Amino acid sequence: MNKKALKRIPLDKFIDLKIDYSFKQLFGNEQNNKITIVFLNAILQKTGRDIVKEVLFINQELGGEYEEDKQSRLDIVVITQSGERINIEMQLANKYNMFKRTMYYWAKLYEGQMKKGDGYESLLPTITINICAFSLFKDMKNYHSTYHLYEDSTLERIEKDNDVLEIHFIEMNKFLKAWQDYLLNPLNDLLARWLLLLGMVDARKNKVYVDIYKELEELAMKDENLQEALTVWENMSQTPETMYAYQSRLKYMLDEEAKYVDTLAKGKKEGIEIGKEEGIKEGIEHGIRQVIISLIENGFTDADIAQMSKQSKEYVQAIRSEMESK
């Protein structure tokens, strides 16, 4: 395949595909189903699942059975040609209890297959894929981890007929570090190409990785699916309706993130209310520490955190080291 690189819009105009709205516009759109299929196969090749050839997009809402339940709409849900259900979620921030929330959503999606009068034999494998813009598993170096049902003593995976559970976690921070350390070769790694696409823009830091863009352009000259994804992404980034919705969603997410920083003021106020000088000091220190921990968990660099919290970089590094040692 011999294609010339296309002339594209300025790099700072590309929208961040890690924002759930834009992620869904690219990978959850019926018009882009070919792109979605290639992306899914790049992820599922690790676990040896059958190749996805066709997908049917469905809207899936979970919760709401009880008055106190929160209604949640999953990012992308598809049904494959063999009836397997796959849920792909883009997670920008660590909302805690991540694994338990994942299992809850997996269980609801699995249960949702059952129709009145059906037998249990009708239940087919259900797969959840979480793409996380933060580090989730502190002690794991691999950026792509997968989970199934295994027997404890033999570590043998459950037999194929009952092999219905599959969970994927992809941690973008670890992936980008592996790429920057030259531990990956996207030319021979299909998943790495698509994760570079997701990692090129970081709207939270108002940053575009030019070196990633250059590699993507080279890769796209040999990969027509990646070339098509770049073109669709570029068009999305110029459509007024898409940009308005994207900016609105981004603002909401940044506002939510800013609440972490507000913990500083809360800690100070609590300290003052105690009425003692030591209480004030402890309240402020506690608030600062909690903000730093939250920002670390959400993937910010030590330099960015030091600037936002107005603390020394050494203090931030000390907290990070303490978290990593646990």
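May I ask you to list the residues in segment 114-154 that are in a loop (DSSP other than H, G, I, E, B), among the charged types (D, E, K, R) and open to solvent by 80 Å² or more (accessible area, probe 1.4 Å)?
Those that are in a loop (DSSP other than H, G, I, E, B), among the charged types (D, E, K, R) and open to solvent by 80 Å² or more (accessible area, probe 1.4 Å): Lys115, Lys116, Lys138, Asp139, Lys141, Glu151, Asp152.
If Glu166 meets every condition in (1) of a type in the set (D, E, K, R); (2) in a helix (DSSP H, G or I); (3) in contact with a strand residue (DSSP E or B) (Cβ under 9 Å, 6 or more places away or on another chain) apart from one, which number is that one?
Failed condition: (2).
Whether any residue in segment 200-222 is open to solvent by less than 70 Å² (accessible area, probe 1.4 Å), within 27 Å of Asn94 (Cβ to Cβ), among the small types (Gly, Ala, Ser) and touching a residue at least 60 places away in the same chain (Cβ under 8 Å) is what I want to check.
The answer is yes, given that some residue of segment 200-222 is open to solvent by less than 70 Å² (accessible area, probe 1.4 Å), within 27 Å of Asn94 (Cβ to Cβ), among the small types (Gly, Ala, Ser) and touching a residue at least 60 places away in the same chain (Cβ under 8 Å).
Please enumerate the residues belonging to segment 23-46 that are in contact with a strand residue (DSSP E or B) (Cβ under 9 Å, 6 or more places away or on another chain) and not in a loop (DSSP other than H, G, I, E, B).
Matches in segment 23-46: Phe23, Lys24, Phe27, Glu30, Asn33, Thr36, Ile37, Phe39, Leu40, Ile43, Leu44, Lys46.
For segment 276-292, does any single residue satisfy the condition of being at pLDDT below 80, of a type in the set (Gly, Ala, Ser) and not in a helix (DSSP H, G or I)?
Looking for residues that are at pLDDT below 80, of a type in the set (Gly, Ala, Ser) and not in a helix (DSSP H, G or I), one finds none in segment 276-292, hence no.
Only one of (1) of a type outside the set (D, E, K, R); (2) at positive phi; (3) at pLDDT 90 or above; (4) open to solvent by 70 Å² or more (accessible area, probe 1.4 Å) is not met by Asn97, so which one is it?
All conditions are met except number (3).
Please verify whether Tyr252 is assigned to a helix (DSSP H, G or I), open to solvent by 90 Å² or more (accessible area, probe 1.4 Å), under 21 Å from Cys132 (Cα atoms) and modelled with pLDDT of 75 or more, treating the condition exactly as stated.
Yes, satisfied.
Looking at this structure, is Tyr315 surrounded by 15 or more Cβ atoms within 10 Å (Cβ to Cβ), at pLDDT 75 or above and of a type outside the set (Asp, Glu)?
yes
Could you tell me how many of the residues in segment 223-233 are open to solvent by less than 20 Å² (accessible area, probe 1.4 Å) and either free of Cβ contacts under 8 Å to residues at least 24 places away in the same chain or over 21 Å from the mean Cα position of the chain (by Cα) (or both)?
Number of matching residues: 2.
Consider Thr36 carefully, then state whether it is more than 14 Å from Asn87 (Cβ to Cβ) and not small (Gly, Ala, Ser).
no
The values are calculated or read from the model by the stated rules, or taken from the named source; none is laboratory data. Computed from a predicted model, the values in this text were never measured in an experiment. Here Cβ is always computed from backbone atoms with ideal geometry, including for glycine, and neighbour counts include all displayed protein chains. Just so you know, the surface numbers come from the protein's heavy atoms only, side chains and all, with ligands and any DNA or RNA stripped out. Shrake-Rupley method; radii C 1.70, N 1.55, O 1.52, S 1.80 Å.
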